[in-house]
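K.L.:
Take a look at the following structure, please.
The values are calculated or read from the model by the stated rules, or taken from the named source; none is laboratory data. Model, not experiment: these values are computed from the prediction. Here the Cβ is made from the backbone with ideal geometry for all residues, glycine too, and neighbour counts use every protein chain on show. Calculation scope for accessible area: heavy atoms of the full protein, side chains included, ligands and nucleic acids excluded. Shrake-Rupley method; radii C 1.70, N 1.55, O 1.52, S 1.80 Å.
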Amino acid sequence: MVRTGLDILLAEHISELKGCRVGIVANQASVTSDLIHVSDALSAAGVTIGALFGPEHGIRGDVADGEPIEDTIDERLGVPAFSLYGKIRVPTPESLQLIDIMLVDLQDVGARFYTFLYTMANVMEACGKHEVPVWVLDRPNPISGLNADGAMLESEFSSFIGKYPIPMRHALTIGELSQLFKSKFGVQCDLKVIRMHGWSRWMWFDNTGLPWVLPSPNMPSVDTATVYPGMCLIEGTNVSEGRGTVRPFEMFGSPWINPQDVKETLLEYELPGVMFREAYFTPNASKFQGQRCAGLQLHVTDRNVFRAPLTGVAVVCALQKLYPDKFEFRPPSSDGRYFFDLLCGTAKVREAVEQGDLPWQIAAKWESDLDSYRETVAGVLLY
């Protein structure tokens, strides 16, 4: 079994925390290999916890996506629990006065637009300014540490779902990302990464022997994480990405889609490692709540050749081709930027879709950036 950074911390580094007031950035997935929450495990080991800090969805993972969270007092430990996903998304100077060291223990899912990455970056920046050391407790990339893929983020599309020039599927662990943020993107702090033991880059989460705990409400399984770096793009359109069903991101649809037509078009694209099945669903939340939708479910047949970003783009291309009068990208926000573009990290994908480019043509334009990215991250790989 893989031993996470938290497991290694408890076994080998706990004495270094004695006498320190510890802050913890964590949520419900921040558990040991035997499912003890990081805060409970450290408290039981005699570590003084000064404060907790929660990312999107909260420390206990009970808040819906995008919903702001207020500061509170943790009901288990009786210590302040500060929100890093509210009006303020960085630790305040006052909160940092309560701690001597900050631990970050968050389960990433391998996609650039997962907000936990930028919560970590904000924590690193704030702690650096106030001379609080940061320890990142490393965890597996659940979709392996291979096959970086997708469009690269351009600086004008920086947001809280993508701050730095990395691809849609980044192929790094959260510990490696912290080192990348510091060494290449100017996020300065006193950083220490507690490495995992036994993890290799080829491993998917179900190869680790670790129990899967939902890192966010719409990430129920490794299957979801597998498709997420591409199918999350559907969020930027007027089609349901399956939120409000038991298979978010694995299904997409709307009341006006003809599944057979979309399936035939997708089969023409000859996408690797995936099959499609007609699917009908009625979301209980988000888009088309309470309405019957028709669409497709993705069935990944070979996850080592499956390309989630390519597949997500292909779905959008098919919908644009078949339903030019009904399919739409969500309108720009007040700053003029499309949400779809923020997910892609560029306007080029949307523009190519609108002008009728094929998915493989769009993906071919990513290759030189991906080659450069692989060279950039070579120096931060830990495994």
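K.L.:
Most mobile of Glu264, Glu351, Glu75 per a Gaussian network model of the chain (Cα springs, under 10 Å)?
P.N.:
Sorting by GNM fluctuation, first place goes to Glu75.
K.L.:
Still on this structure, I have one more. Pick from Ile234, Ile73, Ile24: which is most flexible by mean-square fluctuation in a GNM of the chain where alpha carbon atoms under 10 Å apart are linked?
P.N.:
Comparing Ile234, Ile73, Ile24 in a Gaussian network model of the chain, the most mobile one is Ile73.
K.L.:
In debye, nearest 20, what is the charge dipole magnitude of the stretch 153-300 about its Cα centre with +1 on Lys and Arg Cβ and -1 on Asp and Glu Cβ, if you could check? All intermediate terms of the calculation are to be shown ahead of the outcome.
P.N.:
On the way: 13 positive and 14 negative charges, 111 e Å.
The dipole magnitude comes to about 540 debye.
K.L.:
Quick one: what Rg and Dmax do you get for the chain from the alpha carbons, in Å?
P.N.:
Just the Cα atoms of the chain yield Rg and Dmax of 20.7, 64 Å.
K.L.:
Is the C-alpha gyration tensor of the stretch 145-193 telling us rounded, prolate or oblate? Criteria: a/c under 1.5 is rounded; beyond that, a/b larger than b/c is prolate, otherwise oblate.
P.N.:
It comes out oblate by the Cα gyration axes.
K.L.:
In the Gaussian network model of the chain, springs joining C-alpha atoms below 10 Å, which of Met203, Met124, Met168 carries the largest mean-square fluctuation?
P.N.:
Maximum fluctuation in the GNM of the chain, among the listed residues, is at Met203.
K.L.:
At 1.4 Å probe size, put His130, His170, His13 in order of accessible surface, largest to smallest.
P.N.:
Values: His130 85, His170 0, His13 35 Å².
In descending accessible area the options line up as His130, His13, His170.
K.L.:
Something else now. Determine how many Å³ per residue the convex hull of the Cα atoms of the stretch 247-338 encloses. Intermediate values should be presented prior to the final figure.
P.N.:
Values: hull volume 10.5 nm³, N = 92.
Taking only Cα atoms, the stretch 247-338 has a hull volume of 115 Å³ per residue.
K.L.:
Before I look further, what does the chain give for accessible area per residue, probe 1.4 Å, in whole square angstrom?
P.N.:
Heavy-atom SASA per residue in the chain reads 39 Å².
K.L.:
Let me make sure I get this right: for the stretch 120-209, a, b and c are the square roots of the gyration tensor eigenvalues over alpha carbons, sorted descending. Under 1.5 in a/c it's rounded, otherwise prolate if a/b > b/c, else oblate. Which is it?
P.N.:
It is oblate, given that a/c is not under 1.5 and a/b is not larger than b/c.
K.L.:
Rounded to whole Å and sorted largest first, what semi-axes of the equivalent ellipsoid does the C-alpha gyration tensor of the stretch 169-217 yield via the square root of 5 times each eigenvalue?
P.N.:
24, 13, 11
K.L.:
On average over all directions, what projected area in square nanometres does the stretch 54-100 have, based on the convex hull of its Cα atoms?
P.N.:
3.4
K.L.:
Right, next: Suppose every K and R has +1 on its Cβ and every D and E has -1 on its Cβ; what is the size of the dipole of the stretch 10-118 about the Cα centre, in Debye to the nearest 20?
P.N.:
In debye, rounded to 20, the stretch 10-118 gives about 200.
K.L.:
Please work out the C-alpha center-to-center distance from the stretch 46-69 to the stretch 138-152 and express it in whole Å.
P.N.:
24
K.L.:
Could you compute how fast the stretch 184-245 diffuses translationally, taking Rh as the Kirkwood radius over C-alpha pairs and applying Stokes-Einstein at 4 °C with viscosity 1.567 mPa s? Give it in µm² per second.
P.N.:
The calculation lands on 86 µm²/s.
K.L.:
Just want the answer: with Cβ charges of +1 for Lys and Arg and -1 for Asp and Glu, which residue in Gln289, Phe327, Val380 is farthest toward the dipole's positive end in the stretch 256-382?
P.N.:
Highest projection toward the positive end goes to Gln289.
K.L.:
Along the charge dipole of the chain, which of Gly110, Pro255, Ala126 sits closest to the positive end, that is, farthest toward it, with unit charges on the beta carbon of Lys, Arg, Asp and Glu (+1, +1, -1, -1)?
P.N.:
Gly110
K.L.:
Counting Lys and Arg as +1 and Asp and Glu as -1, each charge on the Cβ, what is the dipole of the stretch 278-367 about the Cα centre in debye, to the nearest 20?
P.N.:
Details: 11 positive and 10 negative charges, 38 e Å.
Magnitude of the dipole: close to 180 debye.
K.L.:
In the structure displayed, which of Lys287/Lys326; Lys18/Lys192; Lys287/Lys321 lie more than 19 Å apart, Cα to Cα? Intermediate values should be presented prior to the final figure.
P.N.:
Working: Lys287/Lys326 15 Å; Lys18/Lys192 17 Å; Lys287/Lys321 21 Å.
Going by Cα-Cα distance, Lys287/Lys321 fall outside the 19 Å limit.
K.L.:
Run lengths n ≥ 4 of DSSP H only: what is the helix-derived mean residue ellipticity at 222 nm for the chain, with -39500 (n - 2.57) per run over all residues, to the nearest 500?
P.N.:
Result for the chain: -8000 deg cm²/dmol, rounded to the nearest 500.
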